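Since the structure comes first, as structure tokens, the remarks are kept for the end.
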Amino acid sequence: DVCSSDLVGSGNALVSTKSKNAKITSQQFNESIKGNELVLVNYASNFCGICRRLVPIIDSLKNTHATNLSVFEVGFDDNLALFKELQITALPTLALYKNGILVWKNTGFISYEFLHTAIESKANLVIK
């Protein structure tokens, strides 16, 4: 598998971090977001230009918040049923979960500064 972060800035086309036709079930998704304290999910598609523009921003955030943030991408093309279930209707959509609960969501492009601020503001949020 080729990691998209290895390709950003290399002149290569952006490739999904998942293998072709990689599907995630609702149960797998729920386990992924509740197993970590803070999880940023990038709902995207390789065919979405704005989604590709977010990759370097998300990569920078991974490095900045390496100790308190998990990041993963759910590809639209491989997970139509999950997108429908989660009511993701536009790309890109970024969602921040804390202990399995959605605490922040953004649709469309967002700058590093705004995304960093959103993560910082939710990091100390107490979820009961």
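The values are calculated or read from the model by the stated rules, or taken from the named source; none is laboratory data. All values reported here derive from a predicted model rather than from experimental measurement. Every residue, glycine as well, gets a Cβ built from its backbone with ideal geometry; the counts of neighbours run over all protein chains shown. Just so you know, the surface numbers come from the protein's heavy atoms only, side chains and all, with ligands and any DNA or RNA stripped out. Shrake-Rupley method; radii C 1.70, N 1.55, O 1.52, S 1.80 Å.
How large is the convex hull of the Cα atoms of region 29-128 per residue, expressed in Å³ as a whole number? Before the final figure, lay out each step's value.
Numbers: hull volume 9.1 nm³, N = 100.
Expressed per residue, the convex hull around the Cα atoms of region 29-128 is 91 Å³.
Whenever you get a sec, compute what percent of the accessible area on region 18-128 sits on carbon and sulfur atoms (1.4 Å probe).
Working: 3170 of 6210 Å².
Of the solvent-accessible surface of region 18-128, carbon and sulfur hold 51 percent.
With no solvent and one point on each alpha carbon, what is the Debye value of log10 I(q)/I(0) for region 32-86 at q = 0.15, 0.27, 0.28 Å⁻¹?
Result of the Debye calculation: -0.48, -1.11, -1.13.
As an exercise, use a Förster radius of 22 Å and the Cβ-Cβ distance of Thr25 and Phe47 to find the FRET efficiency, rounded to the nearest 0.05. Walk me through the numbers on the way to the answer.
Details: r = 23 Å, r/R0 = 1.05.
The pair Thr25/Phe47 has a calculated efficiency of 0.45.
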